[in-house]
Structure formats: structure tokens, C-alpha cells
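Worksheet for the structure shown next.
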Amino acid sequence: MNEAERESQSESKLTSPKVFLPFLLVILIWSTTWIVIRDQLHSVPANWSICYRFFVAGLLMMLFCRIKGYKLALDRGNQFFCITVGLLLISVDYGFLYAAEKHITSGLVAVVFALIIIPNSFFARVFLGKKSSPYFILGAVLAGIGLGLLFRSQLAYLPDRTEMKLGLGMSLLAVLATSLGEILLSTPRGKSQPMPVFLAWSMLWGSLGIGSAAFFLDGAPVIGGIAYLGGLLYLTLFASVLAFVLYFYVLHIIGPDMAAYAHVLSPVLAMVISTLYENYIWSSSAIAGSIMVLAGLLLAMKSQKKSIRSVMVKARID
């Protein structure tokens, strides 16, 4: 193996600084969004909030593409691809995600969303031919048990079982839609164009889809006050533009199964933040669950040392 191949393999691991630092930043950003989203629901219909968020994010992504010199024109096949990804990742995913927070706690939604590691691993094998190593499977099982303990700790806040079932069902539909969208962006077509170009078009198509639903379900557009606009600005700039670019950069390098751990770790950090700002009290099951989630990630990272891809798939954002 020559020096270039060794360097390529090293950079394709989560332990590489070029991968781990953006991975960590995504977790830090996404762990704060649950609280902001919850506050957004009080003043403006959820569907309109999603529409505003990703319409502006899509425009900013297009501006970024212009600055970088990327060609925004796509053929019919790639536009249809972006429509599909946008409907899955924006319209369906966030539509159900925001709706779920009306019925269950934001912490529970975050925990359920972390289960995306399961469909991501399954779809990666079915559609991408990517096999999971024994270490990764063991790590995923351990993380899954940990999430179950976190799930149990959140159930204490849900006395109404009907509301719980409705919220959980919506959360699971959001997980499935997100997983399919991420797998699509991991296919050869998803890597055929600079990733920001696909994201820009997908965000705009997704905002159009959820905006159409908002018009029929919620009526005319509604704009919130200063606090609402501040939260919307944060969700647009950081949770959408920056986090999406970094997350899909990581996903293109280490694959959708490992990248999904960003969703797994976010609720753990979200609970830490909730401890500081919302006086969240840690139960023994929440503590044990968090430890098991972290242990599962360490095992999954070890799987990369046992089975490293020979060629790094370079995400085209530089």
C-alpha cells in the first residue's frame, strides 16, 4: 500500500480530525435545536415555520454555490432526484418532527430520532451493499439499549398514552423519511454533483412541498415576533445550512451508518443542555443509557479500524 492510499484510509475514519471535528460540531448544533423548535411551535404553525426555515436556507445555499463557482443548473434526472430528497428530508421528515413535539416532549422526540442508526444500517446494506462489521453491530445494539433506557426516563413526563402513541408514530415516520433521504444522497447519483448544489435544490423543493401543505392545512402565512425570528435565524443558519453541509460531508466519507451516530449522541447532549437551562433531573436509567450510548459509539468507531474502506469517497465541498 502506498503513502497516498494510507493517507486516504486514515482520512476516511471518524477518528480523523478532518471528520471528527465537523461530526462534533453537528452534534453540538443539533443538540440545541429541540428546545428552539419547541418554542417555535407557540407562535406560528409548524408547517409554515419549516417552509420559512428551508426556503431561506436553500437561498443561502445557492448563494454559497455561486460564491464557490458551482453550476446550479441540473438536468431533469438530477432535479427529480432533488425533489425526492427534498420531500423526504424536509417536507415529510420535519413535517412529522415538528408535529410530534406537539404531543410528546422534545427530549423523547430526540431519543426516538436517534433510532435512525437502525434503518440507516439496514438500507446501507440493501441499497449500497455496505456490510456492517461485528463491532459495529455490537455497538449499535449497545447504543440501542442505551436509547431504550433514555426512552424510559422520558416516559415519566407522558401521562397521556394516546398522545404518546401519536407522537411516537410521527417521530418514527420522520426517522424513516430521513433515513431514505440520507441513503439517496449516499448513492452514486448523490455523489455525482457537488453536495451543496443538491442540498440547495432539495431545500427549496422541500420548502415548496411543506409550504403547499401549510397553505391547505393552516391557511395564509403567519409571521411571529422578534423572539420567533431570532429562533428561525438560528435554525436556518446553523441547524440547516452549516449543520447540513457538515453532516453530509461526514456522511459521504464514513457512510450513513456511522454518520447516524450524530443523531444518537445529540439527545444525550440535549439532556445535558436541558440540565443547565431547564433543570432536567437525571434518573439512574438516563445516566446508564447515556453511558451505554457512548460505549456503543466507541465500539462502532473500533469497527472502522478493523474494516477500513480502501478508497475514500471525497465529499465535494472544497
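Quick check, is G255 of a type outside the set (V, I, T), surrounded by 18 or more Cβ atoms within 10 Å (Cβ to Cβ) and touching a Cys at 6+ places or on another chain (Cβ under 9 Å)? Show your work before the answer.
Working: of a type outside the set (V, I, T): yes; surrounded by 18 or more Cβ atoms within 10 Å (Cβ to Cβ): yes; touching a Cys at 6+ places or on another chain (Cβ under 9 Å): no.
No, not satisfied.
Can you tell me how many residues within the stretch 265-312 are surrounded by fewer than 16 Cβ atoms within 10 Å (Cβ to Cβ) and at pLDDT below 65? Within the stretch 265-312, residues that are surrounded by fewer than 16 Cβ atoms within 10 Å (Cβ to Cβ) and at pLDDT below 65 number 8. Of the residues L229, L184, the single one that is farther than 30 Å from S284 by Cα and free of Cβ contacts under 8 Å to residues at least 40 places away in the same chain is L229. Here K130 clears all of (1) part of a loop (DSSP other than H, G, I, E, B); (2) under 26 Å from G211 (Cα atoms) except the condition numbered (2). Of the residues screened, P221 is not one that is farther than 19 Å from P45 by Cα and surrounded by fewer than 21 Cβ atoms within 10 Å (Cβ to Cβ).
Which ones in the stretch 20-43 are surrounded by fewer than 21 Cβ atoms within 10 Å (Cβ to Cβ) and farther than 14 Å from A243 by Cα? If the condition is that a residue be surrounded by fewer than 21 Cβ atoms within 10 Å (Cβ to Cβ) and farther than 14 Å from A243 by Cα, then I35, V36, R38, D39, L41, H42, S43 are the ones that fit.
When restricted to residues that are under 17 Å from I183 (Cα atoms) and charged (D, E, K, R), the stretch 47-95 contains 1.
The values are calculated or read from the model by the stated rules, or taken from the named source; none is laboratory data. As the structure is a computational prediction, the values presented were derived from the model and not from experiment. Reconstructed Cβ throughout: ideal geometry from the backbone, glycine too, with neighbour counts over all protein chains shown.
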